[in-house]
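Everything on this sheet refers to the single structure shown next.
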Amino acid sequence: MLFVALCHDMPDGLAVRLATRDAHVAWLKSLGEKVRIAGPFFDESGETMCGSVVVIEAGDLAEAKATFAADPYAGAGLFAAVDIRPWRWVVGAPAA
């Protein structure tokens with residue numbers, strides 16, 4: 001089953017995000033095909049990262065939560081809020 005994590009950065013979290021970004025991207029890559037899509041959210045200007053969306057495949061919600069808890073961003077305390085939900089892909093595909 002697919003699970004989506006909608007992650008909202010803490011206020012003024014950009015410095016933490018930038019300092020942890022390489023570790024976060026390496027973590028995503030280490031998950032291999034388990035990651036279906038991932039990328040940052042931007043503020044209204046479209047220029048400053050302020051959150052993340054990550055879709056992974058996991059056996060159940062507990063596994064998905066454990067996977068997302070291992071994200072270096074989570075470990076660094078970047079997120080003010082994280083919403084993890086089961087999700088079904090219905091239409092479209094992300095651009096390569």
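Derivation of every value follows stated rules applied to the coordinates shown; laboratory data play no part. Keep in mind the model is a prediction, meaning the values are calculated, not measured. Virtual Cβ from ideal backbone geometry, glycine too; neighbours counted across all protein chains shown.
I need the P(r) histogram for the chain: all alpha carbon pairs, bin width 10 Å from 0 out to the longest distance, whole percents.
Spelled out bin by bin, the chain gives 15, 51, 30, 4 percent.
Ala15 versus Leu61, label points 7 Å from Cα toward the beta carbon: distance in nm?
According to this spin-label approximation, the distance is 3.7 nm.
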